[in-house]
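Peer 1: Pasting a structure below so you can have a look.
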Amino acid sequence: MTTGDTHTSWPDDLYDQIKAHGEFLSGRLGKLTRGKQLTLVGADLTGIKLVGMNLQRTVFRGCRFYCADLRNSDFSQAVLTGCDFSGADLTNARFVWANLRGADLSRAILKGTRFENADMRPMTDPPVPPHGKGGVVSLSDTTLHNTNLTQAKLLGASFVGAILDGCILEGADLEGADFSYSTLSNVQFKNTKLHNANFNLADFPPELLPQLQGSGARIPKEVPPEVLEQVVQDHQTWIDTDGHKGRRAIMSGWYLSRAHLVQANLNGADLRQANLSNANLHGAKLICSDMRDCNLMYANLTDADLRGALIEGSRGLPVVLNDKKN
């Protein structure tokens, strides 16, 4: 079998194996011996379409489901260790009690997807060649809309750049998880284990902060508006006096999400790893500023002057930077 231009070879009898697996499941229910459990190791299933399939209790160790269409399929209690689901459409799929240790779900579509009690811890065993993944589970740059992760084990999981909208994380274990550059809205963290989870560069509404406080998570410190105003004023004085008065703005790592910095003069400021998501930087002067590893997602950078700014590692910058000359 092939798909598009990828020339991916799937097992010739794959659909026969799926049918036999269905008989295997029926046999288990009726305590009969028939059919055969579907087991694939290291298979490349790139682009495969398995919509609405009953794949409970299947074994896909180290298999590649890159850009696969798996909508509405049921992988409950399946073994999916080290599988590559990057770019796959998993809308309304079920992974209840599934073993997804070391799986790659980056850039996947997880709308209405269910992962209750799924094991999504890091995989310590070597990846299965040639397509197996390993290490921590990756949900980087993934869309999680109304995704249910209740009681899921997600120790150290990467949510870098992910969009979490309406996610249910009740009772989940997110110890050491990384939410850098992620966007969170309507997320439920009830009874969630968050020790050492990193939210420093995450974009989330202010009302979520009380849920994170006291959880052991690494959360940003809020900067009072009057403090930010004074820092900007001192920086302007520092510029006007060639550094003889005032003070250079050192705001490295500051949580400035939704900050009002319209036409602020921050030329030469230190903004490394600052969270400027949704900040209003309309007309701001940022010439030669240090903005490495900043979160600029959804920031208003209209007419901002970024000439000479250090921007390596930052997220959310427009494709074409302002290069106007003053």
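The values are calculated or read from the model by the stated rules, or taken from the named source; none is laboratory data. Computed from a prediction, not measured in an experiment: that's the story for all the values here. Virtual Cβ from ideal backbone geometry, glycine too; neighbours counted across all protein chains shown. All accessible areas refer to the heavy atoms of the entire protein, side chains included, with ligands and DNA or RNA removed. Shrake-Rupley method; radii C 1.70, N 1.55, O 1.52, S 1.80 Å.
Peer 1: For segment 133-149, state whether one or more residues are of a type in the set (K, R) and crowded, with 24+ Cβ neighbours inside 10 Å.
Peer 2: Step one: of segment 133-149, the residues of a type in the set (K, R) are 133.
Remaining after also requiring crowded, with 24+ Cβ neighbours inside 10 Å: 133.
Scanning segment 133-149, I find at least one residue that is of a type in the set (K, R) and crowded, with 24+ Cβ neighbours inside 10 Å, so the answer is yes.
Peer 1: Sort through N99, N92 and tell me the only one that's at positive phi and either over 17 Å from the mean Cα position of the chain (by Cα) or open to solvent by 30 Å² or more (accessible area, probe 1.4 Å) (or both). Walk me through how you get there before you give the answer.
Peer 2: Values: N99 fails: at positive phi.
On inspection, the qualifying residue turns out to be N92.
Peer 1: On to the next question. For the subset of segment 234-249 comprising residues that are without any contact (Cβ under 8 Å) to a residue 12 or more places away in the chain and assigned to a helix (DSSP H, G or I), which member is most open to solvent (accessible area, probe 1.4 Å)? If you could, list the steps in order and put the result at the bottom.
Peer 2: Initial filter on segment 234-249 (without any contact (Cβ under 8 Å) to a residue 12 or more places away in the chain): 237-238, 240-245.
Still in the list and also assigned to a helix (DSSP H, G or I): 237-238, 240.
On the way: T237: 56, W238: 73, D240: 107 Å².
For segment 234-249, the residue satisfying everything is D240.
Peer 1: Can we say R258 is more than 22 Å from F179 (Cα to Cα) and surrounded by fewer than 19 Cβ atoms within 10 Å (Cβ to Cβ)?
Peer 2: Numbers: more than 22 Å from F179 (Cα to Cα): no; surrounded by fewer than 19 Cβ atoms within 10 Å (Cβ to Cβ): yes.
No, not satisfied.
Peer 1: Looking at segment 38-51, can you tell me whether even one residue there is in contact with a Lys or Arg (Cβ under 7 Å, 6 or more places away or on another chain), closer than 19 Å to T147 by Cα and modelled with pLDDT of 95 or more?
Peer 2: yes
Peer 1: Scan segment 169-183 residue by residue and report those that are buried (at least 21 other Cβ atoms within 10 Å of the Cβ) and either basic (K, R) or closer than 13 Å to Q211 by Cα (or both).
Peer 2: Within segment 169-183, L169 is the sole residue that qualifies.
Peer 1: Tally the residues that are part of a loop (DSSP other than H, G, I, E, B), closer than 17 Å to L169 by Cα and open to solvent by 10 Å² or more (accessible area, probe 1.4 Å), restricting the search to segment 102-132.
Peer 2: The total comes to 4.
Peer 1: Can you spot a residue in segment 81-93 that is assigned to a strand (DSSP E or B) and closer than 20 Å to S180 by Cβ? Spell out how you get there, then give the answer.
Peer 2: Taking segment 81-93 as the starting set, the residues that turn out to be assigned to a strand (DSSP E or B) are 84, 89.
Restricting the remaining residues to those that are closer than 20 Å to S180 by Cβ gives none.
Within segment 81-93, not a single residue is assigned to a strand (DSSP E or B) and closer than 20 Å to S180 by Cβ.
Peer 1: Kindly indicate whether A202 is aliphatic (A, V, I, L, M) and over 19 Å from L154 (Cβ atoms). Break it down stepwise before answering.
Peer 2: Values: aliphatic (A, V, I, L, M): yes; over 19 Å from L154 (Cβ atoms): no.
Taking the combined requirement at face value, the residue does not satisfy it.
Peer 1: On to the next question. Across segment 150-168, what is the number of residues that are among the hydrophobic types (A, V, I, L, M, F, W, C), part of a loop (DSSP other than H, G, I, E, B) and either closer than 15 Å to N198 by Cα or open to solvent by 30 Å² or more (accessible area, probe 1.4 Å) (or both)? Let's see the steps before the verdict.
Peer 2: Here is the first cut: in segment 150-168, the ones among the hydrophobic types (A, V, I, L, M, F, W, C) are 152, 154-155, 157, 159-160, 162-164, 167-168.
Then drop every residue that is not part of a loop (DSSP other than H, G, I, E, B), which leaves 152, 154-155, 157, 159-160, 162, 167.
Applying the additional criterion that residues be either closer than 15 Å to N198 by Cα or open to solvent by 30 Å² or more (accessible area, probe 1.4 Å) (or both) yields 154-155, 157, 159-160, 162.
Residues in segment 150-168 being among the hydrophobic types (A, V, I, L, M, F, W, C), part of a loop (DSSP other than H, G, I, E, B) and either closer than 15 Å to N198 by Cα or open to solvent by 30 Å² or more (accessible area, probe 1.4 Å) (or both): 6 in total.
Peer 1: Sticking with this structure for a sec: Evaluate segment 222-232: report whether one residue or more is surrounded by 13 or more Cβ atoms within 10 Å (Cβ to Cβ), over 18 Å from S252 (Cα atoms), more than 22 Å from the chain's Cα centre (by Cα) and free of Cβ contacts under 8 Å to residues at least 40 places away in the same chain.
Peer 2: No: zero hits.
Peer 1: Could you tell me which residue of segment 266-301 is surrounded by the most Cβ atoms within 10 Å (Cβ to Cβ), considering only residues that are within 21 Å of Q233 (Cα to Cα), of a type outside the set (G, A, S) and touching a Cys at 6+ places or on another chain (Cβ under 7 Å)?
Peer 2: Result: L276.
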